[in-house]
Amino acid sequence: MGTGEVEAAKQSAGIAACDFVHDGMDLGLGTGSTVRYTVIELGRRISEEGLNIRGVPTSIETEILANEHNIPLIPWNQVEKLDLTIDGADEFDPEFHLIKGGGGALTREKIVAKISHSMVVVTDPRKDVEILGNFPLPVEVIQFGWEVTSRHLQKLCPGDVKRRGGDNPFITDNGNYILDCNFGPTISNPVELENKIQGISGVLEVGLFTHIADAVVIGSTHGIEVRIKPSGRLS
Ligand code: 5RP
């Protein structure tokens, strides 16, 4: 896909996902260049159609965008349950398991997705994979002792484990590092791997989202494909 085609695919997916949004909903607002189009469309529907929704942003970037588009936000300390989260992904597999965190917002994204009744993923066709792992798996780790944490991760990971940003490290909204783990397309049991990585001291969160997504909206220049998980909460 060319750059223009990818952008068009992202835009069409981001907008189409708004079909899942209904008046009165409280929404988790994901992070990234695809869900950006969802946030913009929600802002349009609020101002032009009187849509009544509230959002919880998963990053400072999304909070700024939502404010620019006049989306009412629920303060974090008042959030209990959400109706729906819409978010992007870096990869999704046939079981609707995801790799997320390409934008470094995985921890807030997972907190928000897990308190949501359902989750819709907005993507383009490049993210559709049989087995997860070609996209380096992001893991958010605390800064203290990150080299030790990295060595623990390295024992699980067949490829290299790199701190994002190298000597000029990327810092998450939570003040932590991201370690990108090059598993290659080997993650055939993402549930087991998620549990193993979550068991490592120093790890805050891992970008494997298993049994969370209920639908994937895949945009393209020739139309939208919506895949609904058969046993999911939207089927
Ligand atoms: C951010 C994420 C993003 O949702 C993911 O990286 C996809 O982003 P994009 O839509 O820009 O490709 O997980 O942490």
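Listing for the model above:
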quantity	calculated
Pairs with Cβ under 6 Å, 6+ apart, first in segment 105-116 and closer than 13 Å to Val139 by Cβ and touching a residue at least 40 places away in the same chain (Cβ under 8 Å), second open to solvent by less than 10 Å² (accessible area, probe 1.4 Å) and part of a loop (DSSP other than H, G, I, E, B)	Leu106/Lys100; Leu106/Gly207
Extreme residue, nearest to Val35 (Cα to Cα), among residues of segment 77-91 that are in contact with a helix residue (DSSP H, G or I) (Cβ under 9 Å, 6 or more places away or on another chain) and more than 16 Å from the ligand (Cβ to nearest atom)	Leu82
Residues being part of a loop (DSSP other than H, G, I, E, B) and at pLDDT below 95 - total across segment 1-39	2
Filter result (under 12 Å from Gly28 (Cβ atoms) and outside any loop (DSSP other than H, G, I, E, B)) within segment 50-69	Arg54, Gly55, Val56, Pro57, Thr62, Ala66
Criterion (open to solvent by less than 70 Å² (accessible area, probe 1.4 Å) and either closer than 27 Å to Glu61 by Cβ or touching a helix residue (DSSP H, G or I) at 6+ places or on another chain (Cβ under 7 Å) (or both)) met by exactly one of Gly199, Gly166	Gly166
1 or more residues within 14 Å of the chain's Cα centre (by Cα) and hydrophobic (A, V, I, L, M, F, W, C): qualifying strands (runs of 3 or more DSSP E) within segment 88-193	116-123, 137-141
Test for Arg45: is it out of contact with any helix residue (DSSP H, G or I) (no Cβ under 6 Å at 6 or more places or on another chain) and away from the ligand (no atom under 16 Å from the Cβ)	yes
So Thr123, is it in the same structural domain as Glu7 (by TED's automatic domain parsing), touching a residue at least 24 places away in the same chain (Cβ under 8 Å) and among the hydroxyl-bearing types (Ser, Thr, Tyr)	yes
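The values are calculated or read from the model by the stated rules, or taken from the named source; none is laboratory data. Given the structure is predicted, the values throughout are model-derived calculations rather than measurements. Cβ coordinates were reconstructed from backbone atoms using ideal geometry, including for glycine residues, and neighbour counts include every protein chain displayed. Just so you know, the surface numbers come from the protein's heavy atoms only, side chains and all, with ligands and any DNA or RNA stripped out. Shrake-Rupley method; radii C 1.70, N 1.55, O 1.52, S 1.80 Å.
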